[in-house]
1. If I build a Gaussian network model for the chain, linking alpha-carbon pairs within less than 10 angstrom, which residue out of 308, 247, 278 has the largest mean-square fluctuation?
2. Residue 207's amide H: which non-local residues (gap 5+, or another chain) put their own amide H closer than 5 Å, with H modeled 1.01 Å from N in plane and none for Pro or chain starts?
3. How high is the relative contact order of the chain, in percent, with contacts defined as C-alpha pairs under 8 Å that are six or more residues apart?
4. Mind checking the full-extension length gain between residue 97 and residue 240? Use 0.36 nm per residue of separation minus the Cα-Cα distance, one decimal, nm.
5. At what distance in angstrom do the alpha carbon centres of the range 186-227 and the range 288-339 lie from each other?
6. Using a Gaussian network model on the chain with a 10 Å cutoff between Cα atoms, which of 117, 225, 204 fluctuates the most?
7. Of 122/146; 171/336; 146/211, which pairs sit farther than 24 Å apart, going by alpha carbon to alpha carbon?
8. Nearest 10 degrees, 0 to 90: what angle lies between the long axis of helix 143-155 and the longest principal axis of the chain (Cα atoms)?
Amino acid sequence: MQSNSIAGGHPAAMLCKGDDGYGVASVLKLYARNAPELQFVCLQPGTMFDWLKHNGNRVHLVKGLSSFTATSSARTLMQLPAVMTKAYQSATALHKLFQQLGIRVVHAHWLPQHIIAGHLRKLGYASVWHIHGNMSQRRLFGLGTKLNHRLAQWGADLLIPVSDFIGSNWKGAGVPIGVIHNAAPKLFEGPNERRDDHIRCVIAGRLTEDKGHHLAIQAVLNARAAGHDVRLDVFGGPLDRNPYVDDLNRLVSRSNAANYVRFMGFADNLRERHQLYDLGLQCRLSPEPCSMWVCETLVDGLPLIAADAGGTAELIEDEVTGVLFSSGDVSDLTSKLLTLIENRRRLHLMRSAAYERGRHLFGVERFISETYDAYAASLPRSS
């Protein structure tokens, strides 16, 4: 791995919102912990900015365009002229800082920062757009996709989607694409072997209907009705004033299963608990770009039963490191769960395979090295 140079020896800066949400924040922390040569620029104060300072990273606060509210694609189009102007103003301020720091590569993670990086590209910087989210092909009859492609043609030298699934949305942009799946640091020295008679399952994520917690609970209740001692811990929130959680509680209460389906709330140390479980469940209804939690479970040797939509199917080797089920189909999920419950030997092999695949394919060194290789190979303008 390159230790202190990127893209032919030219320093790079990462643009952050400053209060980045869990998924992107996790990616930024991977870079911050494992590529200390990077400079970070936050466009507003917030938890991410505070964390970077506390971690000892080289971080700068340059207040500028960090986000904009767009409740629809039509609203995005209406706001775009003002956003472009604000992004230009932010780029002008950053240009002065980057000249002092010798920055040549700008790596951005959100659309507003993508546009800032695009303006900086016109000033001679290499512009790298990390793409974390889905892009609907149907918004504004496809005009949203065309707009994103035109913005990328204008402002990006390289796109880094987090999965092939996400990358497929950007092929029409005509900009070099280098997919880099997310990663997770190694936490355990090997997979754990649980000896309990019952099967312990875990699901994690914000408690919204799209995450599919109701499917996981129903599948566990179905397995219990079939005579199996299966238990489920549900991590995530919010637990209070959440109508979806009320529905989940009613589902559990109707089956008198409160002792077997537990709502654990948020947990900072969830990864440390992974080896207390036999199976992870990922039941998202909409396509998942590249779940950080899926990467973490595999690195920790926890096999998954997961929905086959989106980038998740790229992370799990079906029937080897986990099992894929038809997204939204609780009958299929129940069937896959019962199959693994009734074959502990197979579950044991999956646990070992998940640990080995996770360690090799979703390790941090691979993640950092691929980022640097993508810079060097795809950004001739920065040389």
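We did not get these values from a lab; they are worked out from the coordinates using the rules stated. What you see is a predicted model; the values in this text were computed from it and never measured. Cβ placement follows ideal geometry from the backbone for every residue including glycine, while neighbour counts extend to all protein chains displayed.
1. For the chain, modelled as a Gaussian network with Cα springs under 10 Å, the answer is 247.
2. Residues meeting the criterion, in which the H sits 1.01 Å from N, are 237.
3. In percent, rounded to a whole number, it is 16.
4. Separation in residues times 0.36 nm, less the Cα-Cα distance, equals 47.1 nm.
5. 11
6. Highest fluctuation of the listed residues: 225.
7. Numbers: 122/146 21 Å; 171/336 34 Å; 146/211 29 Å.
Pairs exceeding the cut-off: 171/336; 146/211.
8. Roughly 50 degrees between the two axes.
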